[in-house]
Structures are given as structure tokens and as C-alpha cells.
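Take a look at the structure set out below.
The values are calculated or read from the model by the stated rules, or taken from the named source; none is laboratory data. Note that the structure is a prediction, hence the values are computed from the model and not measured. As a convention, Cβ positions derive from the backbone with ideal geometry for all residues, glycine included, and neighbour counts pool all protein chains shown. Surface areas here come from the heavy atoms of the whole protein model, side chains and all, with no ligands, DNA or RNA. Shrake-Rupley method; radii C 1.70, N 1.55, O 1.52, S 1.80 Å.
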Amino acid sequence: NDTPGKAKGEETVMAKIRVARTVEIPDALRISRYRKIPELGPRILFFSGGSALNGLCKTLKGYTHNSIHLVTPFDSGGSSAELRRAFDMPSIGDLRSRLMALADESVLGHPEVYELFTYRLPKDLDNDDLRARLEAMALGKSERVADVPNPMRRLIRNQLGYFLDAMPQSFDLRGASIGNLILVGGYLNNHHHLDPIIYLFSKLVNVQGTVRAIVNDDLHLAADLADGTRVVGQHRLTGKEVMPLTSPIARLYLSRQRDVFEPAEARLRKKNRKLIRNADLICYPPGSFYSSVLANLIPAGVGQAVADNDCPKVYIPNLGSDPEQVGMDFEHTVQALLGQLRSDVADDCGNEKLLNFVLVDSSKGSYPEGLSAGFLRDLGIELIDVRLVSQHSAPYYDNDLLVSALLSLT
């Protein structure tokens with residue numbers, strides 16, 4: 001042993017300790033420091049999907065460029081359904097939306113690329129005209145693409161070319177997002193893997209954070225309801241495209257098929273496990289409770305990765321009513337969150353490994369019945385009741401207040 005000050009043969013003992021600190025919300029000093037150097041900001045990890053966090057992300061990137069977003073790829077409604085049917089692939093709409101919310105919109109970014117990726121084809125033209133427009137983009141003859149400097153223009157044209165080569169003749173291009181089509185082309189170009197094109201997409205618009213699909217699999221959501229019925233397809237859970245559920249969700253599954261239940265399993269990839277284990281704060285954020293939040297916790301390995309990280313874990317309940325939470329009070333909601341996480345860990349894993357805080361604004365926020373500090377205390381969870389809703393944001397969370405609270409917990 002050549003360690004200075006150590007006798008030969010003496011072992012070096014490493015100790016791992018956890019230091020507690022008093023948290024002030026908002027922590028003005030901590031927030032100011034992050035604001036000055038967002039490149040060194042905290043790794044706040046969100047399990048989410050949909051568009052509920054997009055406004056928060058636009059605020060968050062002013063304080064940290066290291067946030068992590070694990071997004072569900074199981075959406076089966078809207079324009080995502082059209083792409084999934086045509087190309088047998090995971091949903092990419094929510095991924096594209098989150099990437100754009102985190103994109104650098106300053107003069108240091110690439111505004112011409114940002115505008116292209118957020119552009120949607122018109123809905124009032126026929127498909128032949130729209131295909132001609134898309135072909136012009138792929139050939140570099142469209143002004144929208146011509147304004148993009150090389151080598152970015154060449155990369156974008158390449159992905160659009162792959163999409164056009166694979167696009168079925170019957171594919172409906174009306175209202176299609178160019179960003180989505182580029183992601184699809186890159187997915188096909190990279191042997192049906194999302195990560196390479198997400199990485200390229202992130203670089204092209206200078207995404208100030210990390211965005212990944214929780215898994216790379218072409219799967220769908222299914223749920224057993226309390227009344228004994230089974231619902232297959234994420235679009236049948238959200239209450240947006242079909243009639244809302246009338247019975248509470250009892251259990252969530254993955255299915256290989258969109259319309260017929262075919263049991264499937266998914267496993268967390270090593271790179272995503274590493275992201276979870278290295279996070280400075282893990283957040284279960286507002287959004288569709290089952291299809292956006294709990295859906296990300298289904299793959300094997302997620303719960304254990306959360307438990308393996310000693311960082312704080314915080315749940316931020318939805319304000320108002322969520323069609324997916326029909327018949328659920330606050331206690332039921334927290335138990336459902338813990339139950340999904342517990343399905344992946346040993347029986348002796350304590351709640352403190354999975355959830356530490358619930359963040360609310362009880363004075364201005366509208367929450368499900370049963371919001372109780374005593375109930376949470378019995379579970380070893382602390383209720384943090386602070387100002388999160390402002391006069392101008394009501395009845396929704398104020399993004400500045402919510403970001404300040406999260407940053408203060410890091």
C-alpha cells in the first residue's frame with residue numbers, strides 16, 4: 001500500500017454518509033446560483049409524458065441544463081396513432097414535444113431549425129400537394145429547409161428522405177409535424193432505435209437537458225378497472241378521445257397490441273437506469289396520473305433504480321380533476337404510486353426509498369379529497385405545503401414557483 005500516511009498492509013476504509021440539511025423554500029441563494037450557471041445546474045429527473053410539463057421545462061432550462069426527462073412512448077391516440085399504425089413503432093409525439101420545450105430558443109441556438117421542427121403541414125391541402133411539399137424539403141428546395149446551414153440541412157434532408165421512402169401511399173400528411181417525421185425517418189434509418197435520432201435531434205436544436213423514452217419498445221397500455229372490465233390502448237384511458245372512465249383503474253399493464261390485450265413485458269435499459277441512479281432529485285410530476293406518470297414506472301428495473309438512489313423523491317399531485325383518477329381520493333393516489341414502485345422492489349424496501357415529499361399548495365390549489373399530513377406521516381412521507389399557485393396562474397401551478405420549490409430541494 002503506497003497511500004501516504006498509511007502503514008504497509010493497512011486498508012483504506014471508505015465511508016458513505018448522507019448529510020441532512022434544513023431546506024428553505026424558496027431557497028433564494030441556491031436559485032440565484034443556478035440562474036447564473038445553468039450549465040452546472042442540478043439533475044432533476046421527471047417521469048412524465050404528454051404536454052403538462054412543457055411550460056415548466058421552458059422555465060426550468062433557465063436554471064439547469066441537466067434536467068432528465070424519461071418519457072412514456074405508449075401514446076396511442078391523435079397523430080401518434082397514425083404514425084404507429086404506419087410504421088409499427090413507439091410513440092414519438094411526446095418526445096418531440098419535450099425536446100422542443102427544452103430547446104435553446106436564444107440567438108445562440110438554431111432558430112431556423114427550431115422553426116422547421118415545430119412546423120406542421122397545412123390541413124387544407126390534399127395529400128398529393130403535401131407530399132410534393134415534403135419531397136421539396138427532402139431535396140433541399142423548400143425555403144424552410146434552404147435556410148438551415150449545412151451540415152444540419154444535409155442531416156435533416158436525409159431523415160426526411162428515409163421517411164418518404166417508407167411512407168405508405170395512404171398515409172395522411174394533413175397537419176403532420178415535420179419534427180415528428182424527422183424522428184420517424186431517423187428511427188427507421190437507425191434500425192428501429194430511438195436513441196440515435198433523439199441524440200441528433202437534441203444536438204440540432206441544442207436541447208438543454210436529457211430526453212429519452214423510458215423504453216424503446218413498440219408497446220401499448222392496458223388497464224384493469226375496479227368493476228372488472230379491461231381497457232386496452234392509452235387513448236381509451238385519458239378521456240380525451242373516448243368517453244371518460246366510470247370506474248377507477250385497479251392495475252396497469254403493457255400490451256403488444258393496441259386493441260386486443262396481449263401481455264408484454266419491458267425492462268429498463270442500463271443507460272436509463274444510470275440516469276435514475278445519478279439524479280439529484282426524482283420527481284413524479286403533474287400530468288395524466290396513469291398514462292403519463294405510472295406508465296413510466298411499469299418497466300422492470302425502474303422501481304429498484306429509484307430505491308438505489310438516496311436523493312430526495314417528490315410527488316406533485318394534479319390540480320383539479322384528472323379523468324384517469326376517477327373515484328380516487330388522495331390516499332388512494334399515493335398508495336397507487338407507491339404500489340407501482342413496490343412491484344419492482346423487495347418487500348422490506350421502506351417508503352423512504354421511494355417517496356419522501358408531497359408538494360402542494362393547499363390554500364390555492366384544488367386537490368382530491370383526503371389530503372392529510374397525518375396519513376403521509378404514517379407512511380414516512382412529509383407534506384410540504386408552500387405557495388405554488390399565483391393569482392395569474394390559478395387554477396394551475398405557477399411554473400416559476402414550482403421550479404423554485406424543486407430547485408430548493410436539490
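Miscellaneous remarks
- Overall dimensions of segment 194-260 as given by Cα atoms, namely Rg and Dmax in Å: 16.3, 48
- Angle in degrees between helix 195-204 and the longest Cα principal axis of the chain, rounded to the nearest 10: 80
- Seen against the Cα atoms of the chain and their longest principal axis, helix 127-138 is set at about 70 degrees.
- Aspartates and glutamates whose Cα lies under 20 Å from that of LYS123, excluding same-chain neighbours fewer than 8 positions away: GLU82, GLU115, GLU135, GLU143, ASP172, GLU241
- Relative contact order (percent, whole number), the chain, Cα cutoff 8 Å, 6+ residue spacing: 18
- Computed from Cα positions, the angle between helix 399-408 and the longest principal axis of the chain comes to roughly 40 degrees.
- Rg(Cα) / (2.2 N^0.38 Å) computed for segment 246-380, rounded to two decimals: 1.07
- Burial ranking of peptide ranges 339-345, 122-128, 292-298, 351-357 (average Cβ count within 10 Å, highest at the top): 292-298, 351-357, 339-345, 122-128
- Summed over all non-identical Cα pairs, the Kirkwood treatment of the chain gives a radius of 22.7 Å.
- Whole-number accessible area per residue in Å² for the chain, which is evaluated in the context of all protein chains at 1.4 Å: 46
- Legend: distances between Cα atoms for LYS274/LYS313; LYS36/LYS271; LYS36/LYS274; pairs beyond 24 Å are LYS36/LYS271; LYS36/LYS274.
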